[in-house]
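What follows is a short report on a single structure.
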Amino acid sequence: MTTTISPGTPRRARRSRSSGSVRSSRSSRGARRTAVAWLFLAPFAVVFLLYTAIPTVAALGFSLTDLRGADLRHPFAVDFTGLENYLRLFQDQSFLRDILNTGLFVGVGVPLTMGLGFALAVALNSGIRRLRGVFRTVFFAPVVTNVVAVALIWQYAFNADGTVNKVLGAVGLAGPNWLDDQNLAMPVVILLGVWRNFGTAMVLFLAGLQSIPEDVYEAAALDGAGRWRQLRHITLPLLLPTTLMVSVLLTVFYLQVFDEPYLLTNGGPLGSTESMALYTYRQFGSGEFGVSSAASFVMLLLVALVSVVQFRLLRSRS
Amino acid sequence: MPNPSRRGALRLTAGLALGGAFALTGCGRSDDTAAATATAAPVDASPATGTVTLWAAQGDADVLDKVIKPFKTANPDVTVKVTLIPNGEYYTKLQSAIAAGKGPDLAQFFPESQSQFLDPSILRPVPDGLVDKAGFFESLWAAGVVGDVAYTVPWYAYTYALVYRADLARKAGVKAPSKWDETVPFLKALQGAGAGRGLGADIGWDIFNGQDVAMYAWQAGGSLLSSGGKWTLDTPAMVDALQYNASFFTSGTADTSGPTFLDAQPYFVSGKTAMMITGPWVIGQLDAAAKKDGWTAANVATAPLPAGASGSKSFSAGGSWGVLAGAGNADSAWKLVRYLTEPSAQVAQYKAYSSLPAVISAWDDPAIANQPLLDAFLTQLKNTRAFPQVNTWQQVATRLGKEMEAVAKGTETAAKAAANVQSYADSLGTGAK
């Protein structure tokens, strides 16, 4: 085969050869980078695979069987029961009650925590700047305090003859038995959740507020916008990404709430503060691995669903 | 390859997941088969040798090193490696280790909750002639027996009895109740003598309360399982038991608000409550709560539980020992168990940790016999029953505890609560496959 070489060809050919070598050197560099990236990702990937992915798939498998604690010695005697555990869950009045209780935790806990966190963040960002560090530390302290110790103190504070009732008694009021009253126990447990979490919301909101440039407020002030209009038209819209993140974080937390009801009331009185996570834990503790896995999957689906809806709603607004 | 059906895909997922999980834990049928066919060789009188690995829960076993010193002296070629595990996570860890085939030679169990382990794939049968089974409290021995095969040997014992303020009873001029219908009047009399509440009731509404109501059901003439192995929890006896427990609260002699677990003894010492239905360990702790030596001897008395229609019955509880099916040194492990049940070792354990002997003859030792407050517990221990030896008993007891709360607080009738427990227990079965 003969090739006619035009005057321009050698140049093109050279360019072509040179382009090929660049591409190959680029692709080998790319492969190296990919390999390095995987190398750095490997520890996480291994840990994720071992401690998250495999157990999640295993739990899904367990939720479709009648696996119980006693079966660990006869693993092959476990029967595949399909969706029976899920049906059993939704026929169990206590699980349905726990879904409602968890809804209450989310419905009341999230807005309260966000509202308190936001109000304090605004206060720290404007009026009391000089003491910002001190207050930030004070308000963040509940987040890092051991929850077991806190719950014990709260238990003593809200007992029938606890500190709260002693204070009420000092002003002539007869305090109720907070933790043994079906209507009052839940507010106290939610209050503990809010107290433990508003510091996180506050710090995140504070970071969001500090990222809004001062000159935007100055320009608005020059145009005659008062503090309320600045809050409504500048602060809130620009804080939307932070709000989204905080609301998703808190919703996921309250959907999985466990420590507060477990430590403060153990789910009582009469199951009025029992959450879905507590139900899951109890099933697991009593050896009902199949039912417990099914309950944890229902929780997982709920968390995923609520997160997706929140992201969509808030994103479309932003 | 054809597309798998949805059911097939689910089976595959479950199979993979289960297979994966069990492969991770090293569990398998072959181990089970090997263990199930293991037989316990007779244990001779020659010295123990080699290394015995022993797991126990923190608490009564904390003093084991001291208690087994004479055994080590008499058996110089044996090494006992004791591993103590926090009480709350003991069974979880033991269960995981057994599933992974990495359990110890010898492990401690609790007679009131050990039923899930009584299987030849987990424990070796107790060799004939190792100990004299008639020497133990009957129900404690029975708690380790399934299908006429004994898997555990009792170690220490306890049961519940009445512990009450003798000073207030003297002031009120009343004697400890011996029957159910004398209980509330007695508690009211204690209140009349100055106590805040007659009874410091356990208000955890958990498995321990479930055990209490089981005990009351026995006293009322009921049983928890039929002879055919079916749950019998909605019987008139169970309804009576739930009502008896609720009567403490509805009569105002107990409070659904407390005391909570940590407050029980301070409340008793301060007179906020005047009676407890509790175990013998309390006797040794009240002086500390009162911050005064001799307070207990001067102010406290004990009595067996009041009798229902079927007498005064309680449950047997405590500690026991089992040699694992996969034990590498079963022979020496059994020799250690035999030593721990000798009266001298039982008394040594009592002196070191106040664990009461499971061997009846050890109660004659002056260290125990000279303590009048323990007499009621000895009487009661001779009249105890074992909880059902079925896998799901703990779940059923927990549910019983929850239903008790509803009856005590008046949100449910005793009959409805008993029916709820029966239906729940029926849905669980007994765990047998």
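Where a number appears in this text, it was derived from the coordinates with a stated rule and is not lab data. The structure presented is a predicted model; accordingly, all values stated were derived computationally and were not measured. Heads up, the Cβs are rebuilt from the backbone with ideal geometry, glycines too, and the neighbour counts pull from every protein chain shown.
Among A:280-290, A:132-142, what's the highest-first ranking by average C-beta atoms within 10 angstrom per residue? List each step's numbers first, then the result.
On the way: A:280-290: 21.5, A:132-142: 13.9.
In descending order of packing, they fall as A:280-290, A:132-142.
Just want to confirm a number: the relative contact order over chain B, from Cα pairs under 8 angstrom separated by 6+ residues, in percent.
Working: 801 pairs, mean separation 109.0, N = 433.
About 25 percent, as a whole number.
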The correct pair for chain A, radius of gyration to one decimal and Dmax as a whole number, both in Å and from Cα atoms, is 28.6, 111
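Say R0 is 45 Å: what FRET efficiency, to the nearest 0.05, do A:Leu222 and A:Ala304 get from their beta-carbon distance? Present the calculation step by step, with values, prior to reporting the outcome.
Numbers: r = 46 Å, r/R0 = 1.03.
Computed FRET efficiency for A:Leu222 and A:Ala304 comes out at 0.45.
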What is the distance, in nm, between label points placed 7 Å from the Cα along the Cα-to-Cβ direction at B:Lys351 and at B:Ser427?
5.4
Output the direction-averaged projected area (hull surface divided by four) of the convex hull of the alpha-carbon atoms of the protein assembly as shown, in nm².
51.7
Calculate the mean, over all residues of peptide A:57-69, of how many other protein chain Cβ atoms lie within 10 angstrom of the residue's Cβ.
6
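Can you work out the FRET efficiency for the pair A:Leu41 and B:Val63, with r the C-beta to C-beta distance and R0 = 41 Å, to the nearest 0.05?
Details: r = 51 Å, r/R0 = 1.24.
Rounded to the nearest 0.05, the efficiency is 0.20.
For every helix of n ≥ 4 consecutive DSSP H residues, a contribution of -39,500 (n - 2.57) applies; sum these over chain B, divide by its total residues, and give [θ] at 222 nm rounded to the nearest 500 deg cm²/dmol.
Values: 19 runs with 182 residues, N = 433.
Only helices count here, giving -12000 deg cm²/dmol.
Taking all pairs of distinct Cα atoms, average 1/r, flip it, and tell me the Kirkwood hydrodynamic radius of the stretch A:59-199 in Å to one decimal place. Display every interim value, and only then the final one.
Numbers: mean 1/r = 0.0521 Å⁻¹.
It works out to 19.2 Å.
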Prolate/oblate/rounded call for the stretch B:187-326, Cα gyration tensor, a/c under 1.5 rounded
oblate
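So what is the orientation-averaged projected area of chain B, using the convex hull of its C-alpha atoms, in nm²?
On the way: hull surface 95.7 nm².
Computed as one quarter of the Cα hull surface, the answer is 23.9 nm².
Hydropathy at least 0.5 by Kyte-Doolittle, axial extent at least 24 angstrom from the Cα trace: which helices of chain B, defined as entire DSSP H runs, fit? Please list the in-between numbers first.
Numbers: long enough: B:6-25 (28 Å, 0.72).
Helix filter hits for chain B: B:6-25.
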In the structure displayed, which of A:Lys166/B:Lys402; B:Lys188/B:Lys409; B:Lys93/B:Lys382 lie more than 21 Å apart, Cα to Cα?
A:Lys166/B:Lys402; B:Lys93/B:Lys382
Going by Cα centres, the stretch B:73-98 and the stretch A:223-249 are how many Å apart?
60
From Cα coordinates alone, what are the radius of gyration and Dmax values for the stretch B:327-414 in angstrom?
19.3, 55
First check a/c for the stretch A:121-247, with a ≥ b ≥ c the square roots of the eigenvalues of its C-alpha gyration tensor; if it is under 1.5, answer rounded, and if not, answer prolate when a/b is larger than b/c or oblate otherwise.
prolate
May I ask you to list the aspartates and glutamates whose Cα is less than 15 Å away from that of B:Lys351, ignoring any residue fewer than eight positions away on the same chain?
B:Asp60, B:Asp62, B:Asp65, B:Glu342, B:Asp364, B:Asp365
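When A:Met186, B:Met215 are ordered from fewest to most other Cβ atoms inside 10 Å of their Cβ, what list results? Can you show the working numbers first?
Working: A:Met186 18, B:Met215 24.
Taking fewest neighbouring Cβ atoms as first place, the list is A:Met186, B:Met215.
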